[in-house]
Amino acid sequence: MAHQPHTARENTTTDDGMHDCARGDHCAARKTVVAGGERIIIPAQTYRTHCETCQDRIHDVLEDLPARYRDLNAALGHKARTDAVRVSGGGSTRPVPINLGVEALLRQADEVLLSWHERVADRAGLTPITARYGTPAVTARACTTLAGHVTALLALDAADMARSMDLARAEYLPADAYGWVHPAGEWIHYNTALGGEHAGVEILNLHHRTLKLLGHAPQHHDLITACWECGERKLRRHDGSAGLADHVECLRCREQYLAGRLRSLMVEEDQAQQRRVERERRRSDPSRVILAGTREGTGGRS
């Protein structure tokens, strides 16, 4: 089966008010259909900004982020990477190796998580965070609150929020953004309208970037079961810790297995693995040695 090109699908709203999950093609409960020789990805339909599966994914990421934030802080105490910049404290003090990539990501984590906490706390009538920002304890508190109120988080209406960006990435500024450029520091401080649909994307992207910077390579797993569509043994289950929804994809025809199809496929894979183990066990069984000049199953008779 030849590889089908992927066709982007415009967001749609049904007559009863349901619409595509805000994650679009990356929706954890998406479906793939082939029409006219083209592969079309259809996100799950939902009344909210995110489908239930994606909302669960965001909740899990919020529970994991405090540990990753601590890991980033610990990384600042390690020897700088070869691509890091050595920054001197001035005077007669020794230069302190600082990984600016880690520092920048820590600042962005504070910016994203604490600003969303502020909005959720205001809406839910919770106590705002007044402690000094930039500590693992404060970040953990923000993540715990957001995870416990993830439905409220993803239902927030759009409102102006402050964000920062490297000057080199200015072309990616939102169309409605306004703010200030800081040429000396090569960064931009801007305001833009953000709501619940953006919250989910920002949090998932933050988690993915954190794992990548910490060197957590995704542990994808190749299956021995053949693809139901093309018949090739090219199925790969993608590691959810890499920021991807749990799914299997055929590396040849790009067929994707999610939700119920994924569960059925993994049952078949488990059965195939058990059969493989049984075959290996029989091959290695010392009582199953076949004498030279005999045929198996004849009891030594020629």
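The values are calculated or read from the model by the stated rules, or taken from the named source; none is laboratory data. Since the structure is predicted, the reported quantities are computational estimates derived from the model, not experimental observations. Every residue, glycine among them, receives a Cβ derived from its backbone with ideal geometry; neighbour counts consider all protein chains shown.
The listed residues are Ala226, Ala162, Ala193, Ala168, and the only one of them that is free of Cβ contacts under 8 Å to residues at least 40 places away in the same chain, of a type in the set (Gly, Ala, Ser), surrounded by fewer than 16 Cβ atoms within 10 Å (Cβ to Cβ) and within 28 Å of Cys21 (Cα to Cα) turns out to be Ala193.
Somewhere in region 145-155, is a residue aliphatic (A, V, I, L, M), in contact with a helix residue (DSSP H, G or I) (Cβ under 7 Å, 6 or more places away or on another chain) and under 17 Å from Thr210 (Cβ atoms)?
Yes - at least one qualifying residue is present in region 145-155.
Of all residues in region 115-140, those satisfying the criterion of being in contact (Cβ under 8 Å) with a residue 24 or more places away in the chain and either charged (D, E, K, R) or exposed (fewer than 15 other Cβ atoms within 10 Å of the Cβ) (or both) are Arg119, Arg123, Ala124, Gly134.
Out of all the residues in region 142-190, which are assigned to a helix (DSSP H, G or I) and not assigned by TED's automatic domain parsing to the domain that holds Gly101?
Initially, region 142-190 is screened for residues assigned to a helix (DSSP H, G or I), giving 142-148, 150-154, 167-172.
The answer is Leu167, Ala168, Arg169, Ala170, Glu171, Tyr172.
This table checks each residue for (1) under 22 Å from the mean Cα position of the chain (by Cα); (2) over 22 Å from His59 (Cβ atoms); (3) modelled with pLDDT of 90 or more; (4) surrounded by 17 or more Cβ atoms within 10 Å (Cβ to Cβ).
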{"site": "Ala217", "(1), (2), (3), (4)": "yes, yes, no, no"}
{"site": "Ala242", "(1), (2), (3), (4)": "yes, no, no, no"}
{"site": "Tyr257", "(1), (2), (3), (4)": "yes, yes, no, yes"}
{"site": "Gln271", "(1), (2), (3), (4)": "no, yes, yes, no"}
{"site": "Arg275", "(1), (2), (3), (4)": "no, yes, yes, no"}
{"site": "Gly293", "(1), (2), (3), (4)": "no, yes, no, no"}
{"site": "Gly299", "(1), (2), (3), (4)": "no, yes, no, no"}
